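Rule-based calculations on the coordinates, nothing more; no lab input. None of these values were measured; they are calculated from a predicted model. Cβ: placed from backbone, ideal geometry, glycine included. Neighbour counts: every protein chain shown.
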Amino acid sequence: MTAATPNASSGQPTASAATLVLQFASGPIVFLLLSLLPYGGVPPEGRTALGVFGWMVMWWMARPVPWAVASILPLILFPMFNVMNVGATVVLYGQNIFFWIWGTVLMGYAMDRHGLAKRFALWFMSLKWVNGSANRTAFGFMLVTGLISMMLSDAATVAVMIPVAVSLVAFVRTVQPQKDGEGKSNFGAFLALGALYGSVAGGTATIAGIPHNALSVALLEQLTGRALGWFEWMVAGVPVFVVLLLVFYFVLLFFLPPEFKVVPGGTEFLRAERAKLGPLSAGEKSTLFVFAMMVTLFVLPTALGLTLGAGNPVTVWARTGLNLYVVPPIVLLLLFGTPVDWRRGQYVLGWREAVTHTPWDIMILVASATGVVNALVEFRFVELAGEAVAGLGFGDVTLAFVASVVVAFSTNVISGVAATSFFGGLFIPAAQEVGWNPAAMAILIPNAAVGIALPWAGASCGTAFATGQIEMKDMIKIGMVATLVFAFAIAAVHLLMAPFV
C-alpha cells in the first residue's frame, strides 16, 4: 500500500517539507533504536542487521523513496558497519522468489491483456444459477472474482472485475433508473466492495494468489527448513477461501442489501457483453495454452506421486526438476516464445510491454526482505525473537488469533509485503516454539496481510473506491468490521487445518 497520493510526474508521494523530513528521519531513528538496544545472545552484527531491517520497513511504510531504493540499504549499510562484506551482501538478493513473482505476475497480465480473464468472468456470470437474482448475481460476482484471484494477483483481479461491475450497474440504471438519479446504490457499492473482498478471499487459496504468499513460503523454508508445496498450501488455503468468501458476502449483505430482488436486464447485458467478445482470438488461445501448461507443471509432481508412487524415479525427478520455483521461469519462456501471429512475429508477450508491467519494486523489495531475514537467522535474532514471543505465555490458539488480528489491522497502514516479512520473522519461530505447526502460521500471515478498510490501503482498495460507488465513511466502516471478522475466521480455519498442512 501507499500512504499518500503519488505525484503524477515523479511517482513519489506528495508531502510538505516537514513531512518529508520526518519520513526520511524515521528510518535512521529506528535503525539507532534497534541497533543500540541490548539483546541477549545476539552479536553486534545481528543488532545492526535488525536496525537495517527496521530502517527498511520504516521507509517502506513512509515511502520517502521508492520501495526498491529502500530495499538496497543493506548493500550500503552491511559493508559499512561490518555486518557482511559486499560479496556476501549481494548474495542475499539472489532469492528464487524474484523469478516466482515475475512469472506469475506476467501470466496474470497476459490473461488480462488478451481478454481471457474477462471472458471467463462473463461466462461464469451468465450461468443460470448465478444470473437473475440480485443476491445470486452479487455472490456469483464475488465467487468468480475469487476464482480468478487464485491465479492472478488481487490488484490485477480487481482491475479485471471492476469494469464488469461498473458496466453492469450502469446498464441496470438504464433499465431501472434510481430515484436519486446518479446517486450511489447499495447494489453498486456491493459489487465494488465485492470485487475487492472477493479478490482477497481468492488470493488466500494458492501460493500464486497474492505476491507476498510466496514470500512467506520462502521465509518458512529459511526459518525452519520446511519446504511448502503448492497443494500443501491449498489444503489450508482453499478452506480459508471458502470461509472468507461466505463471511465477506454476508457482511456486505448485512450492510448493503441490494435495492431489488431481481437484477433488471442482467441477462441481456451479459449476453450482449459476451457477444462483443466473439470467438476466442489467437491471443486468447495462445494465452490459454501457456496457462494450461503452468497449471499442468504445478500439478504434475503430485499427480505422478499419486499414480507412480513417491519412490518412483520419475516422481523423484519431478519433485526436484519441476520444483515449485522452476515453473515460473518456464512460464516466462512460454510467454515470450508462444506465438500469436507467426508472420508478424507477435507472441503472447513482447519484451517492452513485459518490462512496463513487471513490478520491479515489489520484486526487489521481496528479495531484499527475504535476504535480510536470512541474515537475521544466521545471527540468531529470529530464533530469540520467537522464543521471546513464546515466553509471553501464548498457547497455539491465542498465538493464532493474536497474529491474525495484529497482521490484518496493521496491513491497512503498511504494505502486505512489509507486514509479511516483519511478522513472518516474528510469528513463524514463535509458532514453532509453542509447538504449533509453523507451516500453518506461514500461510496464516499472508492470508491476513491484506488491507481492505482504507481507500489508500493499496491498489485494490484504491481501484474499488475510485468506482465512485461507495462513500469513504461506508468503505471504512464496513472494512473495519470485515477486517475483524475475517481475522478471526482465518485464525479459526488455520487452527482446524494445521494438523493437515
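Rg/Rh for region 14-92 (Cα atoms only, Rh after Kirkwood) is 1.02. Along region 187-195 the Karplus relation, 6.51 cos²θ - 1.76 cosθ + 1.60 evaluated at θ = phi - 60°, assigns HN-Hα couplings of 4, x, 5, 4, 5, 4, 6, x, 5 Hz to successive residues, with x for each Gly and Pro. Per residue, the average separation of C-alpha pairs within less than 8 Å and at least 6 apart gives the chain a relative contact order of 22 percent.
For region 52-132, the relative contact order is 14 percent, taking Cα pairs closer than 8 Å that sit 6 or more residues apart in sequence and dividing their mean separation by the residue count. Any chance you could check the Cα centroid distance between region 53-120 and region 293-348 for me, in angstrom? So the separation of the two Cα centres works out to 25 Å. Converting phi to 3J(HN,Hα) with the Karplus coefficients 6.51, -1.76 and 1.60 and the offset θ = phi - 60°, region 352-366 yields 4, 5, 5, 4, 5, 9, 8, x, 4, 4, 5, 5, 5, 4, 5 Hz in sequence order, with x at every glycine or proline. Near the amide H of residue 262, within less than 5 Å, lie the amide hydrogens of 134, all on another chain or at least 5 residues away, with H placed in the peptide plane. The sum of -39500 (n - 2.57) across all DSSP H runs of n ≥ 4, divided by the residue count of the chain, sets its helix-only mean residue ellipticity at 222 nm to -23000 deg cm²/dmol. Looking at region 39-131, which chymotrypsin sites (Phe, Trp or Tyr not before Pro) are in a loop (DSSP not H, G, I, E or B) and have at most 10 other Cβ atoms within 10 Å? Counting only loop positions with at most 10 other Cβ atoms within 10 Å, the chymotrypsin sites (Phe, Trp or Tyr not before Pro) in region 39-131 are 129. Of the residues 271, 343, the one with the fewest other Cβ atoms within 10 Å heads the list, and the complete ranking is 343, 271.
Cross-link check: pairs 261/473; 128/276; 128/285; 276/473 evaluated at a Cα-Cα cut-off of 28 Å; pairs beyond the cut-off: 276/473. Compared with the dominant principal axis of the Cα atoms in the chain, helix 327-337 is inclined by about 50°. Residues whose amide H lies under 5 Å from that of residue 340, counting only those 5 or more places away or on a different chain, are 346, 347, 348; hydrogens are built 1.01 Å from N in the peptide plane. Taking the structure as given and computing semi-axes √(5λ) of the Cα gyration tensor in Å, which label from [x] 37, 27, 23; [y] 42, 30, 19; [z] 52, 33, 19 fits? Comparing each candidate, only [x] matches the computed number.
Potential lengthening of the chain between residue 135 and residue 352 amounts to 73.9 nm, from the contour at 0.36 nm per residue minus the alpha-carbon distance.
Axis of helix 472-497 versus longest Cα principal axis of the chain: the two differ by about 70°, to the nearest ten degrees.
When only Cα pairs below 8 angstrom with a gap of at least 6 residues are kept, region 98-356 shows a relative contact order of 26 percent. Using only the alpha-carbon atoms, how far is helix 97-113 inclined from the longest principal axis of the chain? Give it as 0 to 90 degrees, nearest 10. Helix 97-113 and the main axis of the chain meet at about 10 degrees.
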